[in-house]
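One structure is given below, encoded as structure tokens.
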Amino acid sequence: MNGNKKQRRVNLLIAQKPGPRNRKGIKKQEKTFFLSKVFFFIKTFFLKANQSTLFLYSLLRKRPRLSYISSILIIIVIVIKISVYYVNIYSETILPNSVKINTDNSKVTSELYSLINKELAISLKKNEKRSHFLESVDSILNSIDIIDQYWIRLGLDGKLQINAIMQIPVMIIEAKNNDRYIISNNMKIISKNPPQEEFASLLKVEAPELKINWHSKNFYSKLKKNRSLQADIKGTETSGPVNFPWLIKQIRLINSEIQNVGSGYSLAKIIWSSQSGFSLKINRNIQMLKNKKSNTLKSDKQDQHAEELINNQLIEFDALLGDGQIRDKMDKLKILLIELSNKNIYPSEVDLDFSDKATFKILGSNLNPSF
């Protein structure tokens, strides 16, 4: 019986939770174990370091030449590290004492000079660091849509040099609400509603059913600075019955194929609509065609009308392509124009919106021959 009572007491003591004193004892044991573990690692580290040092010392003692070379290399590395450290500290105090900007656009160059000199004046007044000033310059260059690539250099001599390459405007898209967008050679929008005379020589594309929602890079840079503005505005968006990337791809194809026709023909305007597809306005330089065929032109009465057109030199005619098989139709248009010009025939209209033929109207004639 006594043995059973003792066993019950032992079981009860085991089942009981440790009291405050027991908890303190456990924590003390855990702390002691942790400290002993840390000391063990430190001791092991120093022992290994001591062994490595002794081994290196014995190796260098046996080979004095190696010791000499190693010492020189260590000194050189230390000197370079210290020099770089102090150069970096010194360079942060340098702000430009002169600014030189090279671009192929005089308007952008003058704008950059104005913005960067203004930013430099602010940095000098606030005694800002070099890195902060360069970040501001980078932000300015990145906010101008027409800039494609740029390089910035600010050396220890205090001379700031900026070289920038511009995107080349290649076409104007007239979209919904008569909004005009300048498209670059990289097929990016670089401007909206510019002055009419500024890009008068560019290829014009009319797509009145296309709506484009576009904001300049400068708008987004201001948006970041001003948190009160709406932050949920997205990038370039388009809506309408045509896919914008597909439209741009077809326009590039049409323009390149017209250029392959040869001298005497140039593309003046492209019109797109969901009902009729693509229609072209093509300029024909009769004088250039005449120079090519000067040995074959006749002087009889049948060519009097052609001679009158030659005096006018530049004649515009229409070409209807439709919506599908653009490459095949452009190949057919190219062959048609070349063969007709060889025969001194100048069409006023060409209709290629057929699967098996092309029809055209001859200047001064009511006939509609097919090809």
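Can you tell me which residue is most open to solvent (accessible area, probe 1.4 Å) among those in the range 269-289 that are among the aliphatic types (A, V, I, L, M) and at pLDDT 85 or above? Please lay out each step first, then the result.
Filtering the range 269-289 down to residues among the aliphatic types (A, V, I, L, M) leaves 270-271, 280, 282, 286, 288-289.
Pick out the ones that are also at pLDDT 85 or above and you get 270-271, 280, 282.
Values: 270: 0, 271: 46, 280: 2, 282: 0 Å².
Among residues in the range 269-289 that are among the aliphatic types (A, V, I, L, M) and at pLDDT 85 or above, the one most open to solvent (accessible area, probe 1.4 Å) is 271.
Checking each residue in the range 335-359 for being of a type in the set (Lys, Arg) and either in contact with a Phe, Trp or Tyr (Cβ under 9 Å, 6 or more places away or on another chain) or open to solvent by less than 10 Å² (accessible area, probe 1.4 Å) (or both) picks out only 357. Within the set 118, 129, the sole residue that is in contact (Cβ under 8 Å) with a residue 12 or more places away in the chain and open to solvent by 70 Å² or more (accessible area, probe 1.4 Å) turns out to be 129. For the range 164-216, a tally of residues being hydroxyl-bearing (Ser, Thr, Tyr) and outside any strand (DSSP E or B) returns 2. Residue check: residue 52 meets all listed conditions (1) surrounded by 10 or more Cβ atoms within 10 Å (Cβ to Cβ); (2) within 30 Å of residue 159 (Cα to Cα); (3) modelled with pLDDT under 90 but one, namely (2). The single condition among (1) open to solvent by less than 50 Å² (accessible area, probe 1.4 Å); (2) within 30 Å of residue 88 (Cβ to Cβ) that residue 172 does not satisfy is (2). The set of residues from the range 179-208 being in contact with a helix residue (DSSP H, G or I) (Cβ under 7 Å, 6 or more places away or on another chain) and at pLDDT below 85 comprises just one member, 187.
Screening 94, 76, 89 for residues that are farther than 30 Å from residue 169 by Cβ, among the aliphatic types (A, V, I, L, M) and touching a residue at least 40 places away in the same chain (Cβ under 8 Å) leaves exactly one candidate, 94.
May I ask you to list the residues in the range 87-102 that are surrounded by 10 or more Cβ atoms within 10 Å (Cβ to Cβ) and either hydrophobic (A, V, I, L, M, F, W, C) or modelled with pLDDT under 85 (or both)?
The first filter runs over the range 87-102 and keeps only residues surrounded by 10 or more Cβ atoms within 10 Å (Cβ to Cβ), leaving 87-88, 90-92, 94-97, 99-102.
Matches in the range 87-102: 87, 88, 90, 91, 92, 94, 95, 99, 101.
Annotation note: of 17, 28, 81, 24, the sole residue that is modelled with pLDDT of 75 or more and either under 57 Å from the mean Cα position of the chain (by Cα) or open to solvent by 100 Å² or more (accessible area, probe 1.4 Å) (or both) is 81. Looking across the range 91-111, the residues that are touching a helix residue (DSSP H, G or I) at 6+ places or on another chain (Cβ under 7 Å) and either aliphatic (A, V, I, L, M) or not in a loop (DSSP other than H, G, I, E, B) (or both) come down to 91, 94, 95, 99, 101. So which residues in the range 132-163 are open to solvent by 60 Å² or more (accessible area, probe 1.4 Å), assigned to a loop (DSSP other than H, G, I, E, B) and free of Cβ contacts under 8 Å to residues at least 24 places away in the same chain, if there are any at all? Listed by number, the list holds a single entry, 157.
The values are calculated or read from the model by the stated rules, or taken from the named source; none is laboratory data. Everything numeric here is computed off the predicted structure, so don't read it as measured data. Here Cβ is always computed from backbone atoms with ideal geometry, including for glycine, and neighbour counts include all displayed protein chains. Ligands, DNA and RNA are excluded from the accessible area calculation, which covers all protein heavy atoms including side chains. Shrake-Rupley method; radii C 1.70, N 1.55, O 1.52, S 1.80 Å.
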